[in-house]
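Enquirer: Supplied in structure tokens, the structure appears directly below.
The values are calculated or read from the model by the stated rules, or taken from the named source; none is laboratory data. Since we're looking at a predicted model, the values are computed, not measured. For neighbour counting, all protein chains shown are included, and Cβ atoms are generated from backbone atoms with ideal geometry for every residue, glycine included. Protein only, heavy atoms only, side chains kept; ligands, DNA and RNA dropped before computing areas. Shrake-Rupley method; radii C 1.70, N 1.55, O 1.52, S 1.80 Å.
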Amino acid sequence: MGFDWCDVAAILNVEDNYIGTDGIRDIENLARIKGLVAHSARKLLVLNEDVPRCVAMAKEAEVERICYVTTAPDHNTVAKSHIASGGMAVTLRPEAGGPLIEFHNGGEITHVLPAFDVASTIAGKAMHNVHNAMFAVAVAHGLGSSYAHIRDGLIGLTGSHTDTPGRLDFFTGFAFRVILDYAHNVQEFRALSAVIKQLECLGRRIIALTSPGNRTDPHIDKLAAIAAQYSYDHYICYRRDDLRGRGPSEVPERLRDSLLAAGIAAQNISVVPVEEDTVNAALDMAGTGDLVTLLYTDHDRAWDMMKARLAGE
């Protein structure tokens with residue numbers, strides 16, 4: 001890494017993304033690499049208690065305190081024991097109007113804020129952003145921020161293109177809605193698709209997806225299989241400008257073949273071999289009431305292209 005130690009480190013997950021790249025052989029190898037970040041923390045280490053490989057990193061830590069983040073504290077024995085002994089944890093308390101983010105420390109409980117007050121959670125539709133907000137609470141507290149500043153920061157995060165570009169980024173102005181996002185692995189794509197499934201859509205749900213070229217064939221196949229499970233009305237398979245060792249049309253064609261193998265009809269799949277053409281292909285296809293999702297790497301370029309299209313340029 002570019003540093004020897006840090007005050008606060010956080011490990012949110014250990015998923016199978018990046019396996020097969022940069023010498024990463026398997027998920028245990030990836031956990032060891034992420035563990036280097038955990039080992040660098042000196043004051044506070046924040047770990048996802050819902051992921052066993054994250055919890056295991058506590059054994060190797062050389063840190064003053066550990067804070068667990070969990071969405072199910074009543075079911076996770078590590079978090080329950082940690083809280084009972086006065087340890088730090090960030091949890092969710094179920095409430096009628098939506099869950100409440102709580103901070104546990106020294107046997108005391110602080111009600112930080114209602115989770116759905118964070119705009120990027122889209123009133124709870126984006127549960128992965130509830131999780132992100134919980135980690136933000138832990139990290140900010142570890143860096144010395146007051147609860148008031150943490151609340152203000154999370155509430156002030158609008159979820160707009162200015163605040164969170166390329167992450168559940170809604171573009172309005174057309175007769176249809178467009179979401180710009182950079183979901184490029186299975187975990188992210190599943191979370192995003194779960195959000196899209198909950199959004200009102202009077203027309204079709206159109207998705208433009210791709211994968212970095214240096215991911216393995218099984219990774220690309222799994223991405224397509226997840227896409228098929230969510231039953232989009234049309235799939236646009238495209239490639240990134242940066243091929244990362246793949247042929248010019250290899251990634252989109254593999255996505256198409258995997259979608260076909262998953263039972264998606266051929267007429268519901270398009271292949272766009274040039275990244276820059278993807279935005280216009282999706283906009284040309286969309287009609288009134290549709291919901292278009294662009295999983296785009298260069299979100300600024302995509303945003304500018306849509307602005308130009310809306311302006312008639």
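Enquirer: Is there any pair with a first residue in the stretch 232-251 that is on the phi > 0 side of the Ramachandran plot and a second that is open to solvent by 20 Å² or more (accessible area, probe 1.4 Å) whose Cβ atoms are under 7 Å apart and which are 6 or more apart or on different chains, and what are they?
Expert: Arg244/Asn214; Gly245/Asn214
Enquirer: For Pro218, indicate whether it is touching a Lys or Arg at 6+ places or on another chain (Cβ under 9 Å) and either free of Cβ contacts under 8 Å to residues at least 40 places away in the same chain or surrounded by 18 or more Cβ atoms within 10 Å (Cβ to Cβ) (or both).
Expert: no
Enquirer: Which pairs have Cβ atoms under 7 Å, sit 6 or more apart or on different chains, and link a residue in the stretch 272-297 that is without any contact (Cβ under 8 Å) to a residue 40 or more places away in the chain and over 12 Å from Arg239 (Cβ atoms) to one that is polar (S, T, N, Q) and assigned to a strand (DSSP E or B)?
Expert: From the stretch 272-297, no pairs qualify.
Enquirer: For residues that are touching a Gly at 6+ places or on another chain (Cβ under 8 Å) and hydroxyl-bearing (Ser, Thr, Tyr), tally how many sit in the stretch 43-76.
Expert: 1
Enquirer: Out of Ala281, Ala308, which single residue is among the hydrophobic types (A, V, I, L, M, F, W, C), within 17 Å of Ile206 (Cα to Cα) and assigned to a helix (DSSP H, G or I)?
Expert: Details: Ala308 fails: within 17 Å of Ile206 (Cα to Cα).
Criteria check complete, one pass: Ala281.
Enquirer: If Pro212 meets every condition in (1) in a loop (DSSP other than H, G, I, E, B); (2) open to solvent by 10 Å² or more (accessible area, probe 1.4 Å) apart from one, which number is that one?
Expert: Of the numbered conditions (1) in a loop (DSSP other than H, G, I, E, B); (2) open to solvent by 10 Å² or more (accessible area, probe 1.4 Å), the odd one out for Pro212 is (2).
Enquirer: Restricting the stretch 29-44 to residues that are of a type in the set (D, E, K, R) and touching a residue at least 12 places away in the same chain (Cβ under 8 Å), which is least open to solvent (accessible area, probe 1.4 Å)?
Expert: The qualifying residue least open to solvent (accessible area, probe 1.4 Å) is Lys34.
Enquirer: Name the residues in the stretch 45-79 that are closer than 18 Å to Pro99 by Cβ, among the β-branched types (Val, Ile, Thr) and over 22 Å from the mean Cα position of the chain (by Cα), would you?
Expert: Scanning the stretch 45-79 gives no hits.
Enquirer: For residues in the stretch 115-136 being more than 22 Å from Ala10 (Cα to Cα) and open to solvent by 60 Å² or more (accessible area, probe 1.4 Å), which is nearest to the chain's Cα centre (by Cα)?
Expert: Out of the qualifying residues, it is Lys125.
Enquirer: Follow-up. Counting only residues that are part of a loop (DSSP other than H, G, I, E, B) and of a type in the set (D, E, K, R), how many does the stretch 140-195 have?
Expert: Counting residues in the stretch 140-195 that are part of a loop (DSSP other than H, G, I, E, B) and of a type in the set (D, E, K, R) gives 2.
Enquirer: Among the candidates Arg190, Arg167, Arg204, single out the residue that is open to solvent by 70 Å² or more (accessible area, probe 1.4 Å) and modelled with pLDDT of 95 or more.
Expert: Result: Arg204 is the single residue among Arg190, Arg167, Arg204 that is open to solvent by 70 Å² or more (accessible area, probe 1.4 Å) and modelled with pLDDT of 95 or more.
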